[in-house]
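Asker: Can you read through this structure? Questions will come right after.
The values are calculated or read from the model by the stated rules, or taken from the named source; none is laboratory data. These figures come from a predicted structure and were not determined experimentally. Here Cβ is always computed from backbone atoms with ideal geometry, including for glycine, and neighbour counts include all displayed protein chains. Accessible surface is based on the protein model in full, side chains and every heavy atom, while ligands, DNA and RNA are left aside. Shrake-Rupley method; radii C 1.70, N 1.55, O 1.52, S 1.80 Å.
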Amino acid sequence: MTTPLGRDIDASDIAASLIESYAGRDGAQLLEPVIRREFPGRVAVVSSFGTETAVLLALVADIDPSVPVIFLDTGKHFEETLEYRDQLVAELGLRDVRSVAPDWSQLFTRDPDGALWRRDPDACCFLRKVLPLRQALAGFDAWITGRKRYQGGVRWDLPPFEAVDGKVKINPLAGWSLDRVEAAFAARQLAQHPLLAEGYFSVGCEPCTKPVAPGADLRAGRWAGVAKTECGIHFGGSAPGC
Ligand code: SF4
């Protein structure tokens, strides 16, 4: 990463410094200085437009609705997710939502029947999510996610700032509870993802998402029956890792 003055600095050092500078802050209190002061014009939000997405997007829209929002349009989403994306964009006034598609020539070669998700979900996520995101984030120094510790798995010790592939990743809701998320939905009267009412507590691509029973792990419906819990976009390095 290079500073405006042309000095090369390490994303890990920046993340460590930001953790110290913004200790005790989260949500809007953390997002505002990140967007306005730390990475002006150099930060994007990455959103799946899933069941909890609206809270983060509303906080960002309050600060600056022109912050770029990247949506990985894998070609495998539920139609309801695409409609929900359009609804939230309109309701929140987001002005720069970028729906990023995979490289169709690569899909034609490596996933000609569209069933790679069944044979090799890691490879499918790599083609449809990891590679497109890598390209979409070129030119940004930092990106914002809506991940939280209560979502479990590898997220249980999520820090507010981390470094991945030379960029700073910001998790302003890392320490939020589910109650706080639900309170934010209510306070802002935010629209819910239409599949939530059908038991989809976490929504990803249609072939890899199932509804779960009340009280079950929130992400239990993602890649159910497969030893996989993350798509790979949150892991660094050149390996798929998803
Ligand atoms: Fe493919 Fe499933 Fe990953 Fe979507 S979630 S990119 S369909 S493996």
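Asker: So, in the stretch 80-116, exactly how many residues are away from the ligand (no atom under 15 Å from the Cβ), of a type in the set (S, T, N, Q) and either in contact (Cβ under 8 Å) with a residue 12 or more places away in the chain or surrounded by 14 or more Cβ atoms within 10 Å (Cβ to Cβ) (or both)?
Answerer: 1
Asker: Here is a follow-up. Only residues that are surrounded by 18 or more Cβ atoms within 10 Å (Cβ to Cβ) and either within 15 Å of Gly152 (Cα to Cα) or more than 11 Å from the ligand (Cβ to nearest atom) (or both): list them for the stretch 197-216, please.
Answerer: Within the stretch 197-216, Tyr200, Phe201, Ser202, Val212 qualify.
Asker: Next question, about the same structure. Test Asp64 against the criterion of being closer than 22 Å to Leu18 by Cβ, more than 17 Å from the chain's Cα centre (by Cα) and open to solvent by less than 50 Å² (accessible area, probe 1.4 Å), and give yes or no.
Answerer: yes
Yes or no, residue by residue, for (1) within 16 Å of the ligand (Cβ to nearest atom); (2) open to solvent by less than 40 Å² (accessible area, probe 1.4 Å):
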{"site": "Ser47", "(1), (2)": "yes, yes"}
{"site": "Leu56", "(1), (2)": "no, yes"}
{"site": "Ile70", "(1), (2)": "yes, yes"}
{"site": "Phe78", "(1), (2)": "yes, yes"}
{"site": "Arg118", "(1), (2)": "yes, no"}
{"site": "Pro121", "(1), (2)": "yes, yes"}
{"site": "Val130", "(1), (2)": "yes, yes"}
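Asker: Kindly list, by first and then second residue, each pair from a residue in the stretch 120-139 that is free of Cβ contacts under 8 Å to residues at least 60 places away in the same chain to a residue that is part of a helix (DSSP H, G or I) and within 8 Å of the ligand (Cβ to nearest atom), limited to pairs with Cβ atoms under 7 Å and residues at least 6 apart or on different chains.
Answerer: Close Cβ pairs (under 7 Å, with a partner that is part of a helix (DSSP H, G or I) and within 8 Å of the ligand (Cβ to nearest atom)) amount to Cys124/Leu116; Cys124/Trp117.
Asker: Which number in (1) touching a Gly at 6+ places or on another chain (Cβ under 7 Å); (2) without any contact (Cβ under 8 Å) to a residue 40 or more places away in the chain marks the one condition that Ile63 misses?
Answerer: Going through (1) touching a Gly at 6+ places or on another chain (Cβ under 7 Å); (2) without any contact (Cβ under 8 Å) to a residue 40 or more places away in the chain one by one, Ile63 breaks only (1).
Asker: Looking at the structure I just gave you, is Val181 closer than 16 Å to Ser47 by Cβ, open to solvent by less than 20 Å² (accessible area, probe 1.4 Å) and in a loop (DSSP other than H, G, I, E, B)?
Answerer: No; evaluated as a whole, the condition is false for this residue.
Asker: With respect to the numbered conditions (1) closer than 20 Å to Arg85 by Cα; (2) within 16 Å of the ligand (Cβ to nearest atom), which one is the sole condition not fulfilled by Val181?
Answerer: Here Val181 meets the rest and fails (2).
Asker: Hey, Pro172 hits all of (1) in contact (Cβ under 8 Å) with a residue 60 or more places away in the chain; (2) out of contact with any Leu (no Cβ under 7 Å at 6 or more places or on another chain) but one; which does it fall short on?
Answerer: Against the list (1) in contact (Cβ under 8 Å) with a residue 60 or more places away in the chain; (2) out of contact with any Leu (no Cβ under 7 Å at 6 or more places or on another chain), Pro172 comes up short only on (2).
Residue by residue, here is whether (1) closer than 27 Å to Val100 by Cα; (2) touching a strand residue (DSSP E or B) at 6+ places or on another chain (Cβ under 9 Å) holds:
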{"site": "Leu18", "(1), (2)": "no, yes"}
{"site": "Arg25", "(1), (2)": "no, no"}
{"site": "Leu31", "(1), (2)": "yes, yes"}
{"site": "Pro40", "(1), (2)": "yes, no"}
{"site": "Ser47", "(1), (2)": "yes, yes"}
{"site": "Ser66", "(1), (2)": "yes, no"}
{"site": "Phe71", "(1), (2)": "yes, yes"}
{"site": "His77", "(1), (2)": "yes, yes"}
